[in-house]
Every structure is written in C-alpha cells, then in structure tokens.
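Below: one structure, written as structure tokens.
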Amino acid sequence: MDVFKDFAARIRAAVDDIAAERGVVLPEGLALTVEPPRDAAHGDLATNAAMVLAKPFSAKPRELAEALAERLTGADIADVDIAGPGFINIRLTAAYWHKMLAAIVAAGGDYGASDIGGGMKVNVEYVSANPTGPMHVGHCRGAVVGDALAGLLERVGYDVTREYYINDAGAQVDVLARSAYLRYREACGEDIGDIPEGLYPGDYLKPVGQATAQQFGDTLLGKDEAEWLEPVRDLTIHAMMAMIREDLAELGIRHDVFFSERELIAGEGGDRVAQTIDDLRARDLVYEGRLPPPKGQPSEDWEDREQTLFRATEFGDDIDRPLLKSDGSYTYFANDIAYHRDKYLRGFNRQIDVWGADHGGYVKRMTSAVRAISGGEAALEIRLCQLVKLFRAGEPVRMSKRAGDFVTLRDVTDEVGRDVVRFMMLMRKSDAPLDFDFARVVEQSKDNPVFYVQYAHARAKSVFRNAAEVFSGITYPLAALPGEELATLTEEADLALIRQLAAFPRTLEAAAEAGEPHRVAFYLYDLAAAFHALWNLGKDLPQLRFIHDADEQMTIVRLHLVAAVAAVVAAGLSVLGVRPVEEMR
C-alpha cells in the first residue's frame, strides 16, 4: 500500500469525472504529482493537479482546485486546503494512517517492493578494476554504490544483471606479467634485489611467483619474454581475479557476469571490435579524417595524421573520436564501444556504469557511442564516485605496506566489518567526496549513522523479547490487526512515525529512478531518529510506552509500531546489502 499512489489514483479519478462533465479530452502523459508538502504543517499530501490541468480545462487553476477539492472530501480525508494560485493540500484522518500501519505490518519484509521496473532488463557494471592487484579503498565506494543500486533496482521490479568488465588486454597486464615473472625468479631462488621502477612492487605477487614456480618449475628461466609472457600473464590474471572475487565477497558483493576484454578481440564470436567498427562504418558513422589540435592543452587523443574516427559529435560529444592507434591497434574507446554494443545485443537497453570521478571526461563519448550503436534504442547512465579519504581519529591513515602503495579493501573490511563499510559508503551522494574515519564508524552514538540505524532494529527486536516475557503469546513477526483495532494510536508522535514509515515505497522508487541509493540510507537514518525519539518520549509519557504490563491488548496495538519499524529498517538495509542485527554488543 503506497499512500502517494493511492491518492494519485483518487485524484486522477476525480479529474476524469470533471473532464467527463465538462466534455474535456485530456492529453496523454499528464504529469500529476502527489507528494509530501514542503511544510508538514500544511498537511500530509500536496498535488499540483489544478496547476497542470488549467490549460486543457481552459480554467483558472484555483477554480479547478476548488472543483477537485469538492470531490476529495469524505472517507480518509480530514481536510482539503487550497493554497496560493491552486496547490491542493490534503490532511488525512488518523483512521487512514491506522490502515496504513496494519498494511505495513501485514506486508512485513515485502513492504516497499514495487513493479515500476516492469521486468525491464538492466545491466549494472561496477568495480571493473584492472586485475593488477588487490582491491583498494578507491574501488570500495564504487563497488558498494553499484551493488546497492542493483539491489535497489531489483526491489522495484527490474531484471538486473550485475557485471564486472575485466580489463585484461593492453599494456598494464603485460606490466603485471613482468612483475609476476620477477617474483617467479625470486621463488626459484634468485636474488632479485629492489623492484625496478615501473613494475608492481606489492607482496601480493609473491604467491603468484610461487604458484608459477610450482606449475612450470625452472623451465621459464632464461627464456625470451616472447616465450614466457603469455603463460605467466594468464596465470597471473587468473590469480588476481580470484583475489578480487574474494575481496568483493568479504564486502558481500557477487557479480553475475565477468566479461573479459580479451574475449572481445579473440573470443569465440570473432573480433567483435572489428565487427563494431564495420557496423558503424556501414551506417556512415566512421570515416577517415584529421582531428584539430586541442584547445589550451595537449590531448592524448590527438595525432596530426589521417585517422579512423567515430562521428561522436553527431550524438552530443565535443569532438569526433579515434578508433585506431597509429600502429593499427584499437584504442581503448574502440574496445569500450564494442563492449557496450555487446551489452545491447544481449538485450540491455538500459545500461548503468559506475565509474571513478577521474573518468568524468569519458562520459560524453561513451553515452554518445551507446546511442550510436543502438540506433537510439539503448541509453547509458554513468554514476561517478568521488574519492574516499581514510582517517583514524582525525589523522590520515598511512598506506599499506603489503599492497605497495595503497590501503586495500580487505584492510578496511577486516577492521570494521562489511556492514559498517557498506552503510558508510552510502552516507554521501556518490559524486561528493567522503571521509571515512575508522574511530568514528565504530562509535556507539547518534553521530555514527550505521550504529544509529542498526540500533533501531536491535531495539525493536529487544522490545519484542521483553514483551514475550510479559505476555507469552506475543511473537515476532506480529499478526497484523485490522486498522480499526489500532484506533487508540492517536498521539501525534505515533502518527508522525506512521507517516514516515508510509514514505518508504516512494523513497525506494524515487531513489531507483534517480540512481541514488544514498537516499535509502538517509531515509533509514531519519526513521531511526523518529523511532528512538518515540522511545525516549515513553520514559516521561507512560501512554507512549510500547509495553503495558497490565494491558496485553494495548501492548499488541503499540507493538504494531515496533514491528513496522523493524520490517522497514530490515528491508531498507537489505536493499543496501547491510545485515540488520538482532542485538547490539
């Protein structure tokens, strides 16, 4: 039950009645909104219906608002007020909120789920780190944001595929193989001295060198690079991806698809990059030409020569983009176009990529490319994630020696736990910088959002345990009473909590459509604050306590509030990939 959809339907029905009476044919796609008013003192709901419909009705907004208000009075509505030129504010009866609470308790963990996605296939690609070492904290935020976004989309009815693009082609994996070969020589007993500049220095490659020695013995020693590079590279990439999967699993992240960049060029389907370029050329979207020099500063994309170019400017980009390097190999951009075309051919018209903020300059060219390869049928959405800065009690955290020059994701999850990491990574909008303080995130205080929300769930469960000690028949989950049996919940603090609970479905849908899972984290924090505040009020006002030792029926009624909070907090946390706790330790 969604209060906003409920009243949107009622208002639309009233609009249709007025239109029929006046012989007005309404246009398609009317953007009627029902939402909370900016000032809660104005009521529970507000709609712009009269403002939007004034033109098709050839009426003044206020006159139309008055006609609508006449039809909106009655059951469930305590008051309708017209503000300004024609905004309609609606205040609902306490009885309506009682029915809403009963519906929330009855739905339990399913409350808030919807079908607005209509089963549409969505590909969410996130992390996609180069397989050159363990996951570091810079990958952590994108991993959490992508996974939470995927969970959010699933919750509202999309068919989601979680995907990881393995960048296993190009120069960086050759450098990785050379670094691993050095560790292989070390495992074979050689003194390799200091790691040369330009190679990966981390200790994480020592086990790879040992595994290479176990598999090949000393047969690769002394051979030319051309002979050992490919087998060492393949073994090392496999080892790195195994480590990456383990690191992600510690964070509660598992992808459905791991897609290899190398497969684009040399996979069973042939050279899909060449196929993509041929397809674009057949539609006159690829041509041979020269790029002008960049304005103001050098650009790695510019070469003063005849090049194979994609007509990116026809799809909103600033300049056309090269597809081939001077040596005839593909640019990264060409590979990326082919990869996103492959997604499109797999049926993904909605594609979402989660990138680091340093890739912001790449957004226009990729969104233009997806429009081109799909003929406008598919769209690519980019979610950028800003940097995470680590602190300990206000002091910057030193880098990890094991990793070489960065703090690993495993370092962070091992110290504070996956649930803390995931929730805190969502306590800022993804394109805003985030400070992560190891000391603060484990504090048991209101200033620590993850503790505050987890405590709300644990507190709700403790209320049920305490109630069961007083009344043996009380259990969780609670069997919902009909709304009319909750009529004693008339205190404003009770009704305010129900209103907040009722906003959960709308929060999920809005967050999903905006691609902003942090909205769910914000909502849960506000809900936790409202629940803790009601608990504290009960210390001074006995009627607001959840357990009434001498009145089992009153206890059951008030436990509906507790059960609804527990269900919504657990549901919201599950969307974010965070486990609710039964008790705080």
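Is there a quick way to get the dipole size of segment 445-576? I mean about its Cα centre, with the Cβ of Lys and Arg at +1 and of Asp and Glu at -1; what is the value in debye to the nearest 20?
My answer is approximately 380 debye.
Please compute the length gained on full extension between Arg392 and Ser445, using 0.36 nm multiplied by the number of residues separating them and subtracting their Cα-Cα distance.
17.4 nm
Taking segment 171-243 as the region of interest, what is the percent of Cα-Cα pairs per 5 angstrom bin, listed from the shortest bin to the one with the maximum distance?
Calculated P(r), rounded to whole percents: 3, 18, 32, 28, 16, 2.
Among 477-487, 85-95, how do they line up by average Cβ neighbours within 10 Å per residue, starting with the highest?
My ranking of the peptides, most packed first, is 85-95, 477-487.
Run the quick spin-label model on Glu314 and Leu32: label points 7 Å from Cα toward the beta carbon, then report their separation in nm to one decimal.
The two pseudo-label positions are separated by 4.3 nm.
Using a Förster distance of 25 angstrom, determine the FRET efficiency expected from the C-beta separation of Ser114 and His359, and round it to 0.05.
Calculated transfer efficiency: 0.20.
What is the magnitude of the charge dipole of the chain about its Cα centre, with +1 placed on the Cβ of each Lys and Arg, -1 on the Cβ of each Asp and Glu, and no other charges, expressed in debye to the nearest 20?
With Lys and Arg at +1 and Asp and Glu at -1, about 840 debye.
Through the Karplus equation 6.51 cos²θ - 1.76 cosθ + 1.60, θ set to phi - 60°, convert the phi angles of segment 223-230 into ³J(HN,Hα) values in whole Hz; use x for Gly and Pro.
After applying 6.51 cos²θ - 1.76 cosθ + 1.60, I find 7, 5, 4, 4, 8, 9, 4, 5 Hz.
What angle, in degrees between 0 and 90 and rounded to the nearest 10, separates the Cα long axis of helix 552-576 from the longest principal axis of the Cα atoms of the chain?
20 degrees
Based on DSSP H runs of at least 4 residues, each adding -39500 (n - 2.57), what is the mean residue ellipticity at 222 nm of the chain after dividing by all its residues, to the nearest 500 deg cm²/dmol?
Helix-only estimate at 222 nm: -15500 deg cm²/dmol.
Please give the helix 61-72 orientation as an angle from the longest Cα principal axis of the chain, in degrees from 0 to 90, rounded to the nearest 10.
Relative to the chain, helix 61-72 is tipped by roughly 70 degrees.
Suppose R0 equals 30 Å. What FRET efficiency, 1/(1 + (r/R0)^6) with r the Cβ-Cβ distance, do Ala514 and Val257 give to the nearest 0.05?
In this case the efficiency is close to 0.75.
Can you order the peptides 418-425, 267-274 by their average number of other Cβ atoms within 10 Å per residue, highest first?
Going from most to least packed, we get 418-425, 267-274.
Please state, as a whole number in µm²/s, the translational diffusion coefficient that the Stokes-Einstein equation yields for the chain at 4 °C and 1.567 mPa s, with Rh defined as the Kirkwood radius across alpha carbon pairs.
It diffuses with D of about 47 µm²/s by this estimate.
Just grab the label-to-label distance for Ala468 and Ala9, each label 7 Å out from Cα along the Cβ direction, in nm (one decimal).
3.6 nm
Just to verify a number: FRET efficiency for Gln215 and Asp327, C-beta to C-beta distance, R0 = 35 Å, to 0.05?
0.60
Just grab the label-to-label distance for Asp549 and Asp17, each label 7 Å out from Cα along the Cβ direction, in nm (one decimal).
About 5.3 nm, to one decimal.
No lab work stands behind these numbers, since they all come straight from the coordinates. Keep in mind that this is a model prediction, so the values were computed, not measured. Every residue, glycine as well, gets a Cβ built from its backbone with ideal geometry; the counts of neighbours run over all protein chains shown.
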